[in-house]
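Every number in this text was worked out from the coordinates using simple rules, so none of it is lab data. Predicted model only: the values in this text are computed from it and were never measured. Cβ placement follows ideal geometry from the backbone for every residue including glycine, while neighbour counts extend to all protein chains displayed.
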Amino acid sequence: MAVNNPETQTVKLQEYFGDYGGQYVPDAVKPALDEVADYFNRYRDDPDFNAELNDLLKNYDGRETPLYFAEALTKHLNGAQIYLKREDLNHLGAHKINNTLGQILLAKRMGKTRIIAETGAGQHGVATAAVAARFGMSCDIYMGAKDCERQKLNVFRMTLMGANVHPAGKPGEGTLEDAVGAAFADLAAHQDNTYYIVGSAVGPYPYPAMVKKFQSVISREARQQFLDQIGRLPDAVIACVGGGSNAIGAFANFLDDKEVRLIGAEGAGKGADTPQNAATLTNGTVGVNDGMKSYVLKNPDGSIKRTYSISAGLDYPGVGPEHSYLKDIKRAEYFPITDDEAVNAFQLLSKLEGIIPALESSHAVAQAIKMAPQMSKDQVLMVNLSGRGDKDVQQVANYLGIDVE
C-alpha cells in the first residue's frame with residue numbers, strides 16, 4: 001500500500017506545525033490513527049499513565065542519563081566547552097527506548113496484542129522488540145533490505161527478543177522509506193489487534209506530536225542538569241536529524257529559550273552537492289511523504305528520491321514536520337555532514353574520550369567539531385549523543401578498509 005500519493009487521499013486537519021504535518025493517508029488507515037490520537041490525548045497528561053512511564057524510564061531504561069563534560073575533546077578543539085547528553089547509556093544503547101515505552105503503554109490501554117514497527121539502523125526495532133517482549137505482545141519489524149545487511153547485529157538482537165524481522169524493498173536497495181510503507185500496509189490490514197509504534201517524529205498525526213512528547217525527557221533532564229552543573233543554559237544544542245526524533249527531543253524544552261541555538265546535523269553522504277545524500281532540510285522541497293506534509297527530497301519528475309547515507313538511521317528522504325517548521329521560522333538551523341566527516345568524528349570521540357558513538361550521533365559530533373573552534377572558551381555546546389556505536393564498528397572498519405573479521 002502506498003502512502004505517498006496525495007492525489008488519491010483526503011486530508012484530515014488534526015495537528016499542524018505551521019503548514020506542516022496533517023494526515024495525508026488512505027481512508028483505510030484513518031480509523032487506526034484516530035484511535036491512537038484519541039488514546040494519546042486522553043492519557044498524555046494522565047497522572048497514573050505518567051507515573052507508570054516514569055517508573056519504567058527509571059527502573060527499566062536506566063534514566064536519567066548523564067550530562068558529561070567532554071574535557072579531552074574540548075581541549076583538543078580549543079574552543080567552546082562540549083557536553084554530551086549520554087543517551088547512548090540508555091537500555092539497549094539509544095534514545096529510541098524513551099518513545100517505545102510510552103507507546104507500548106498506550107497500546108496496552110487500547111487492548112492491542114500485536115506490535116509492528118519500522119526501523120532504519122535497527123535501534124528502534126530493537127527497542128520495540130524489547131518492550132513487546134516486556135509486555136508479552138507479538139512483534140513484527142519492517143526493515144529495509146539494504147539496512148538488514150548493513151545492520152545484521154541489530155537484526156539478530158530483534159529476533160533474540162522474539163520479533164519477526166521482514167526485509168522491505170528490493171534486495172540491496174530497500175531502506176527506511178520502504179520499511180515505513182510496508183508497516184503502514186500491515187496496519188491497514190490488521191487494525192483490530194495491531195498497534196504501530198512509529199520510531200521517529202514523522203508520519204501522520206498524532207505520531208509527530210506523540211514522539212516529541214515521549215522524547216522530550218532528553219531536554220527536560222538536560223535543561224535542569226545544565227542549571228545544576230554550570231548554573232546556566234548552553235549556547236547551542238546539536239543533534240543529528242534523519243526523521244528527527246532525538247533532535248526534537250533534545251530541542252523541545254529549549255524552544256522558548258531564544259538564546260540557545262538549536263542545530264541539526266543531517267546526512268550529506270558523499271556530499272550535499274552530489275546525488276548521493278540524505279540532506280532533506282538542505283536540498284529538499286515541500287511535499288507529501290509517508291502521510292505528512294514536510295520537506296522531502298524529490299526527483300525532477302516529483303517522485304521520492306532514493307537517498308544515501310553511511311548511517312542507516314539518517315538514510316531517509318523526508319523529515320519530521322516540526323523540523324520543517326523550525327527551519328522556516330529560523331528557530332533551528334540544519335547543516336549537512338558528509339560520511340567522511342561523520343567517520344572522522346566517530347574515530348576522534350573514540351580516541352579522545354573512550355566513547356564510541358553511533359554513526360547517527362557522529363554527525364552531531366562532527367558538527368560540534370566544526371563549530372567549537374569558532375566559539376570562545378566560555379561558551380558551551382551540548383551534543384545529544386543519541387546512541388552508542390557497537391552496531392557500527394564493523395561498518396566503519398569496512399569503510400576504512402580495515403579487516404576485523
Checking understanding here: applying a Kyte-Doolittle mean of at least 1.0 and a length along the axis of at least 30 Å (C-alpha), which whole DSSP H helices in the chain pass?
none
Can you compute the helix-only [θ] at 222 nm over the chain? Use -39500 (n - 2.57) per DSSP H run of at least 4 residues, normalise by all residues, nearest 500 deg cm²/dmol.
-12000 deg cm²/dmol
Answer in debye to the nearest 20: the dipole magnitude of region 346-405 about its Cα centre, from +1 Lys/Arg and -1 Asp/Glu charges placed on Cβ, is 240 debye
Starting with the fewest neighbours, write out ASP273, ASP61, ASP186 ranked by other beta-carbon atoms found within 10 Å of each beta-carbon.
ASP273, ASP186, ASP61
In region 332-405, the trypsin sites (Lys or Arg not before Pro) that fall in loop regions by DSSP, at most 16 other Cβ within 10 Å
LYS377
Extent along principal axes [Cα atoms of the chain; Å; largest to smallest]:
56, 48, 45
From the Cα centre of region 158-181 to that of region 285-326, the distance in Å is 19 Å
If amide hydrogens are placed 1.01 Å from N in the peptide plane, which non-local residues have theirs closer than 5 Å to the one on VAL383?
TYR83, LEU84, LYS85, ILE238
Rounded to whole Hz and in sequence order, give me ³J(HN,Hα) for region 75-87 from the Karplus expression 6.51 cos²θ - 1.76 cosθ + 1.60, θ = phi - 60°, writing x for Gly and Pro.
4, 4, 7, 6, x, 4, 6, 10, 10, 10, 7, 8, 5
For region 44-120, the convex hull over Cα atoms projects on average to an area in nm² of 7.4 nm²
By the Cα gyration tensor axes a ≥ b ≥ c (a/c under 1.5 gives rounded; else a/b larger than b/c gives prolate, otherwise oblate), the shape of region 87-199 is oblate
Express in whole angstrom the spacing between the alpha-carbon centres of region 336-381 and region 188-230.
25 Å
For region 277-332 the translational diffusion coefficient, Stokes-Einstein from a Kirkwood Rh over Cα pairs at 25 °C and viscosity 0.890 mPa s, in µm²/s, is roughly 216 µm²/s
Computed FRET efficiency, Cβ-Cβ of TYR399 and THR285, R0 25 Å: what is it to the nearest 0.05?
0.25
Normalised Cα Rg of region 361-401, dividing by 2.2 N^0.38 Å with N its residue count, works out at 1.48
